[in-house]
1. Tell me the residue from B:22, B:30, B:58 that is more than 12 Å from the chain's Cα centre (by Cα) and either under 23 Å from residue A:37 (Cα atoms) or buried (at least 16 other Cβ atoms within 10 Å of the Cβ) (or both), please.
2. Filter segment A:1-15 down to the residues that are open to solvent by less than 20 Å² (accessible area, probe 1.4 Å) and either at pLDDT below 95 or not in a strand (DSSP E or B) (or both) and list them by number.
3. Does residue A:40 satisfy the condition of being more than 12 Å from chain B (Cβ to nearest Cβ) and open to solvent by 40 Å² or more (accessible area, probe 1.4 Å)?
4. Residues that are free of Cβ contacts under 8 Å to residues at least 60 places away in the same chain and touching a strand residue (DSSP E or B) at 6+ places or on another chain (Cβ under 8 Å), at least 1 per element: which strands (runs of 3 or more DSSP E) completely within segment A:25-114 meet that?
5. Out of segment B:1-29, which residues are more than 16 Å from residue B:49 (Cβ to Cβ), of a type outside the set (Ser, Thr, Tyr) and in a strand (DSSP E or B)?
6. Of everything in segment A:58-85, what is surrounded by 17 or more Cβ atoms within 10 Å (Cβ to Cβ) and within 14 Å of another protein chain (Cβ to nearest Cβ)? Give them in sequence order.
7. One residue is enough: does segment A:16-24 have a residue meeting the conditions open to solvent by 70 Å² or more (accessible area, probe 1.4 Å) and charged (D, E, K, R)?
8. Mind listing whichever residues of segment B:102-111 are part of a strand (DSSP E or B), within 28 Å of residue A:48 (Cβ to Cβ) and more than 10 Å from the chain's Cα centre (by Cα)?
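The values are calculated or read from the model by the stated rules, or taken from the named source; none is laboratory data. These numbers were taken from a predicted model, which means no experiment stands behind them. Here Cβ is always computed from backbone atoms with ideal geometry, including for glycine, and neighbour counts include all displayed protein chains. Ligands, DNA and RNA are stripped out before the accessible areas are found, and what is left, the full protein with its side chains, is counted by its heavy atoms. Shrake-Rupley method; radii C 1.70, N 1.55, O 1.52, S 1.80 Å.
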Amino acid sequence: EAGVAQSPRYKIIEKRQSVAFWCNPISGHATLYWYQQILGQGPKLLIQFQNNGVVDDSQLPKDRFSAERLKGVDSTLKIQPAKLEDSAVYLCASSFRAFQETQYFGPGTRLLVL
Amino acid sequence: GQQLNQSPQSMFIQEGEDVSMNCTSSSIFNTWLWYKQEPGEGPVLLIALYKAGELTSNGRLTAQFGITRKDSFLNISASIPSDVGIYFCAGQREYGNKLVFGAGTILRVKS
């Protein structure tokens, strides 16, 4: 069974530029999560989708971050404009059911904002 | 900010030694999870705990759900070089709540 796929793996941009990350969850998983992991910290949930609807986006900085999952499968997370403090690893995870604690993580996208 | 306190922050041990780490919170959690993250990869679930006092093993790993429901412990017996990585605890307050992660314990093993 293929795992969670993410691209790109690495991205370097300058502040005030925009960037987008892509995630393809495990086939059949209805729930998709985006996490931000700052160096030296654990992952922090940014947004959770159930199919193509948003379940929780309480920690998403909505003035600059946006995410969509239009067809209930792939998802895109965008940052516009990026700030220095957005430098982090952005992890995508998926689970079979909603609110399930067994989440499968992708390898992450490492973002460096200069 | 982080709501789970993990300790120690890092450990550098000799191959073959046993390892203990813990995670504490000021709040009650109804589910405790332990993940391992290797360089360049996402976290991988090791053990999930659902009941206070529960003790669960996965090979050389054993985790316990504290009876106060405010802490959890992970032990690794007879460490080997491939145990190297960052170990995260995570908690879920109620079914349906998001996972809250600790800051991680960095484990290095000297062979």
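1. It is B:30.
2. Initial filter on segment A:1-15 (open to solvent by less than 20 Å² (accessible area, probe 1.4 Å)): A:4, A:6, A:13.
Within segment A:1-15, just A:4 meets the criteria.
3. No, not satisfied.
4. A:31-37, A:44-50, A:53-56, A:65-68, A:75-79, A:88-95
5. B:5, B:11, B:12, B:13, B:14, B:19
6. The answer is A:60, and nothing else.
7. yes
8. We begin by selecting, within segment B:102-111, every residue part of a strand (DSSP E or B); these are B:105-110.
Then keep just the ones that are within 28 Å of residue A:48 (Cβ to Cβ); that gives B:105-106.
Selection gives B:106 alone.
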